[in-house]
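Below: the structure, in structure tokens.
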Amino acid sequence: MKLLLLGADGQVGWHLRKALAPLGALTAAGRGSIDFTDSDTLREIIRTEQPDIIVNAAAYTKVDKAEEDKRNAWQVNSEAPAIIAETAATLQSLLVHFSTVYVFDGNKPEPYTEADLTNPLSIYGQSKAEGEERVQASGCRGIILRTGWVYSMRGHGFAQKILERAAASKEIQVVSDQIGAPTSAEMLAHSTSQILQRLIGRSEELAPRGEIFHLNALGTTSWHALAVRLVTAALNNGFPLQARPDTVRAITTEHSTFAAKRPLNCVLDCTKVQTTFGLSLPPWQDEYELFEKQVSMIAS
């Protein structure tokens with residue numbers, strides 16, 4: 001079994017390296033080895049590898065920057081998935097493609113299901129939604145995994161930014177009206193491996209073709225509540241902050257300075273992925289407490 005991992009140097013991709021390795025011979029490719037805006041090179045690399053399974057974790061994820069860097073966002077989030085899916089269909093490879101909760105507008109009061117219509121608010125969300133459509137249009141075997149609020153020790157995500165701001169200022173402002181489920185990149189990678197183990201060996205007739213599944217940790221919180229938790233944990237672990245939990249001020253999205261619009265409701269209903277693949281997804285708090293300690297200790 002040959003596997004090709006694309007986007008191997010991202011948050012999820014880095015954990016997928018370890019999670020996918022037991023499934024077969026793994027080739028991991030990131031931005032250092034592939035230009036995801038170069039369609040010909042991308043297509044040639046896949047054809048050269050001749051993988052049985054392709055996992056595409058590559059994405060343009062800078063939500064605000066995408067508003068002005070539209071061309072690159074569209075090439076990486078829409079054009080590249082189309083090339084990957086079309087080549088997978090030609091090679092009869094199985095594809096796992098990652099997408100985002102930002103394909104929704106966030107106006108629904110309940111968790112989003114896979115049957116809900118998309119209505120993205122930003123260039124990032126629009127490009128990811130089109131990427132989904134183009135993967136489905138290719139007819140390739142495989143699935144699309146929608147997720148959101150992903151965190152890890154790698155990169156420079158929400159937690160790292162909050163601690164930097166709290167170290168530099170006595171008071172910080174964080175939006176309180178956006179809700180979702182913080183989801184660890186490690187959990188996503190492990191769940192993806194479990195899903196692939198259940199897909200491997202399915203006959204051509206039974207293999208899903210661009211079917212969408214929602215995959216997040218369970219439960220909900222807000223960015224503001226999460227920031228208060230982070231500041232509290234950092235102080236408890238000796239990190240020298242100027243801000244305190246009571247000086248993490250709640251603001252609405254309307255009063256924020258984001259360049260891109262974001263959905264208020266980022267909660268995904270993950271019933272389908274759990275019942276289809278027998279997954280047992282954890283509450284978001286289970287892994288986040290350990291992460292809080294790790295990130296505050298490293299930052300100090």
PHE213 among the aromatic types (Phe, Trp, Tyr) and either more than 22 Å from VAL12 (Cβ to Cβ) or over 18 Å from the mean Cα position of the chain (by Cα) (or both): no
In segment 146-193, the residues that are out of contact with any His (no Cβ under 9 Å at 6 or more places or on another chain), closer than 26 Å to PRO240 by Cβ and among the small types (Gly, Ala, Ser): GLY155, GLY157, ALA159, ALA166, ALA167, ALA168, SER169
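Each row is one residue, and each column tells you yes or no for (1) of a type in the set (A, V, I, L, M); (2) crowded, with 23+ Cβ neighbours inside 10 Å; (3) at pLDDT 95 or above; (4) in a loop (DSSP other than H, G, I, E, B).
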{"site": "LEU16", "(1), (2), (3), (4)": "yes, yes, yes, no"}
{"site": "ILE34", "(1), (2), (3), (4)": "yes, no, no, yes"}
{"site": "THR41", "(1), (2), (3), (4)": "no, no, no, no"}
{"site": "GLU79", "(1), (2), (3), (4)": "no, no, yes, no"}
Qualifying residue in segment 123-140 (condition: touching a Cys at 6+ places or on another chain (Cβ under 8 Å) and modelled with pLDDT of 95 or more): no
Complete set of residues in segment 63-75 that are surrounded by fewer than 24 Cβ atoms within 10 Å (Cβ to Cβ), in contact (Cβ under 8 Å) with a residue 40 or more places away in the chain and within 28 Å of LEU20 (Cα to Cα): VAL63, TRP74
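Among the residues that make up segment 145-154, is at least one of them in a loop (DSSP other than H, G, I, E, B), out of contact with any Ser or Thr (no Cβ under 8 Å at 6 or more places or on another chain) and either at pLDDT 95 or above or surrounded by fewer than 18 Cβ atoms within 10 Å (Cβ to Cβ) (or both)?
Of segment 145-154, the ones in a loop (DSSP other than H, G, I, E, B) are 148-149, 152-154.
This time we only want the ones that are out of contact with any Ser or Thr (no Cβ under 8 Å at 6 or more places or on another chain), so: 153-154.
Now drop any that are not either at pLDDT 95 or above or surrounded by fewer than 18 Cβ atoms within 10 Å (Cβ to Cβ) (or both), which leaves 153-154.
Checking segment 145-154: at least one residue is in a loop (DSSP other than H, G, I, E, B), out of contact with any Ser or Thr (no Cβ under 8 Å at 6 or more places or on another chain) and either at pLDDT 95 or above or surrounded by fewer than 18 Cβ atoms within 10 Å (Cβ to Cβ) (or both).
The values are calculated or read from the model by the stated rules, or taken from the named source; none is laboratory data. None of these values were measured; they are calculated from a predicted model. Reconstructed Cβ throughout: ideal geometry from the backbone, glycine too, with neighbour counts over all protein chains shown.
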